[in-house]
Amino acid sequence: MLTRVFSAALKGVEALQVEVEVNAGAGLPQVVVVGLPDASVKESRDRVTTAIANSGFRWSRSRMTVNLAPADLKKEGPSFDLPIAVGMIAVSREAEIPRLEHCLMAGELALNGELRSIKGALSIALEARKRGKKAVILPFANAREAAVVEGIAVYGAKTLREVIEFLTREAELKPVQQDVKALFQNTAADEGDFSEVKGQHAVKRAIEVAVAGNHALLLIGPPGSGKSMLSKRIATIMPPMTLEEAIETTKIHSVCGLLDSEHAFCTHRPFRAPHHTISDVGLIGGSSNPSPGEISVAHNGVLFLDELPEFKRSTLEVLRQPLEDRKVTVSRAAGTMTFPANVMLVAAMNPCACGYFGDPKRECRCSPKQVENYRNRISGPLLDRIDIHIEAPAVEFKELSSEESAEPSADIRERVIQARTIQRERFGGRGRCRANAGMSHGMLKTHCKLDSDGQEMLRHAMEELHLSARAYDRILKVSRTIADMAGTPSIQTAHLMEAIQYRTLDRNLWH
């Protein structure tokens, strides 16, 4: 007898439907799994047979052939335990199971028949809905994550026996309900607030402009000037995530195994701060079986690189293409994967190795050659791709001891939301552009037109500062954001002047 059970395999951050065909035929008692399974799928034979026996079921003591179709798609992970077990039990019963055709299922089995959590539950539920399935059966620990998908019933089971009794209508499982609106209303405790930061008004202004247009930002200043403190509070002024953005982010975190039963859905923008010893693969993604890196885990959020020159140069160079395209394409022998990488890059660094080059109060201990070598760890092409460079000077005692309260994050966030709303209405549904930083060259011509005075000012800046064509585009994008924050439909001279000053470090520090 032949039985067919529907499951799904992960490919990157997406899921693809897999048909698990189980056939009982003549031959010595054994279970053979075919269809390009990896080692963990092959090992499922022992887990499944033991789980079936310990759950009180039997399986036909004959040759069991399990085919995972399509055969050219590599199957990885233990999530096929459940569909294989259900297929073997169905074949042994020699009777049709009523609900089997309309369900898609996945789950890892313990030896006692309990279901353990898996990765990629949200992607699996989205694929089930796409394929027109009525229900998806997952481990109970993954059910809340998948329940945000509308239009399909999500059932969470704790044991193999519960699944079989549900499929044969011997017992019922209640579909898991998830109130998406309530998830967005539950605000997590923010790590700090901008009201706690004393002084640094110019830096705060640059950060607000960067967040309003989703621009890459570089903070340069001596140790203790508040670069890290400011950067870690950027997430508190970013606009709330939309449902579409939350689903995109949750899919990545689910595939990477970063979710748990308490935080099964990402409603807050991620903030990732990898250590400077991270490898190229860890930052950008890859390995033999391509998986998302830190830049993709930070999708729709902030990627913070503290002590930027301490990162390996090769690691920093792999950021160049993702900062332009807002995605990462990784090619390996196992295949080619594309991961989203729409992040706001925030970097911080000292002006030299000792940290006090140019400081008016502390003497720099570095030789000119050491200063040059330190700065040369960051290439010009990478610096070109960072929209805003701002110096963060040491904070004076008068400002540190001041009792005057600074502007809170909530007030800054409101202005950022207003600017982002203007941008969303401007771009509408045009591609994947959601903020000014993502504008294409054609969009620049349409939305960043300058009058004669503005063109002359920009020409003069390009010649004096020896800026590149890419820096020219960055200035226009930042100018557009500053104009949006001011509520003006056109870019004015004052907006352009502010945007140009955010590029002066190209000359002052690097040439």
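The values are calculated or read from the model by the stated rules, or taken from the named source; none is laboratory data. Keep in mind the model is a prediction, meaning the values are calculated, not measured. FYI the Cβ positions are ideal-geometry reconstructions off the backbone, even for glycines, and counts take in every protein chain you see. Remember, those area values only see protein heavy atoms, side chains included, never the ligands or the DNA or RNA. Shrake-Rupley method; radii C 1.70, N 1.55, O 1.52, S 1.80 Å.
Some points to look at:
- None of Leu450, Leu467 is assigned to a loop (DSSP other than H, G, I, E, B), modelled with pLDDT of 90 or more and surrounded by 12 or more Cβ atoms within 10 Å (Cβ to Cβ) except Leu450.
- As a summary of the residue check, Val5 satisfies the conditions (1) touching a residue at least 60 places away in the same chain (Cβ under 8 Å); (2) in contact with a Ser or Thr (Cβ under 9 Å, 6 or more places away or on another chain); (3) crowded, with 19+ Cβ neighbours inside 10 Å; (4) of a type outside the set (Gly, Ala, Ser) except for the one numbered (2).
- Residue in the range 38-58 that is least open to solvent (accessible area, probe 1.4 Å), counting only those that are part of a loop (DSSP other than H, G, I, E, B) and at negative phi: Ser55
- Residue list for the range 416-447, filter: assigned to a loop (DSSP other than H, G, I, E, B) and among the charged types (D, E, K, R): Arg430, Arg432, Arg434
- Close pairs (6 angstrom Cβ cut-off, 6 or more residues apart or separate chains): open to solvent by 10 Å² or more (accessible area, probe 1.4 Å) in the range 74-99, assigned to a strand (DSSP E or B) anywhere: Pro78/Glu108
- Elements of type helices (runs of 4 or more DSSP H) in the range 117-176, at least 2 residues being out of contact with any Lys or Arg (no Cβ under 7 Å at 6 or more places or on another chain) and either open to solvent by 70 Å² or more (accessible area, probe 1.4 Å) or over 25 Å from Val297 (Cβ atoms) (or both): 121-130, 160-167
- Criterion violated by Val33 - all others in (1) under 27 Å from Leu126 (Cα atoms); (2) in a strand (DSSP E or B); (3) free of Cβ contacts under 8 Å to residues at least 40 places away in the same chain satisfied: (3)
- Filter result for Arg375 (closer than 30 Å to Lys312 by Cβ, modelled with pLDDT under 90 and in contact with a helix residue (DSSP H, G or I) (Cβ under 8 Å, 6 or more places away or on another chain)): yes
- Qualifying residue in the range 296-318 (condition: within 12 Å of the chain's Cα centre (by Cα) and assigned to a helix (DSSP H, G or I)): yes
- Residues located in the range 478-487, provided they are open to solvent by less than 30 Å² (accessible area, probe 1.4 Å) and out of contact with any strand residue (DSSP E or B) (no Cβ under 7 Å at 6 or more places or on another chain): Ser479, Arg480, Thr481, Ile482, Ala483, Asp484
- Residues of the range 124-145 that turn out to be under 22 Å from the mean Cα position of the chain (by Cα) and at pLDDT 95 or above, as a count: 4
- So Leu345, is it under 28 Å from Lys204 (Cα atoms) and either out of contact with any Leu (no Cβ under 6 Å at 6 or more places or on another chain) or open to solvent by 40 Å² or more (accessible area, probe 1.4 Å) (or both): no
- Residue match in the range 244-254 (condition: closer than 30 Å to Ala8 by Cβ and part of a loop (DSSP other than H, G, I, E, B)): no
- Any hit, the range 464-471, residues being over 23 Å from Met238 (Cβ atoms), hydroxyl-bearing (Ser, Thr, Tyr) and touching a residue at least 12 places away in the same chain (Cβ under 8 Å): yes
- When the range 17-35 is filtered for residues that are among the aliphatic types (A, V, I, L, M), modelled with pLDDT of 90 or more and surrounded by fewer than 17 Cβ atoms within 10 Å (Cβ to Cβ), the ones remaining, listed by number, are Val32, Val34.
- Test: residue in the range 163-170 that is within 24 Å of the chain's Cα centre (by Cα), of a type in the set (S, T, N, Q) and under 30 Å from Pro83 (Cβ atoms): no
- Subset of the range 327-384 (residues that are part of a loop (DSSP other than H, G, I, E, B), free of Cβ contacts under 8 Å to residues at least 24 places away in the same chain and within 19 Å of Leu308 (Cβ to Cβ)): Cys352, Ala353, Cys354, Phe357, Gly358, Cys364, Cys366, Asn376
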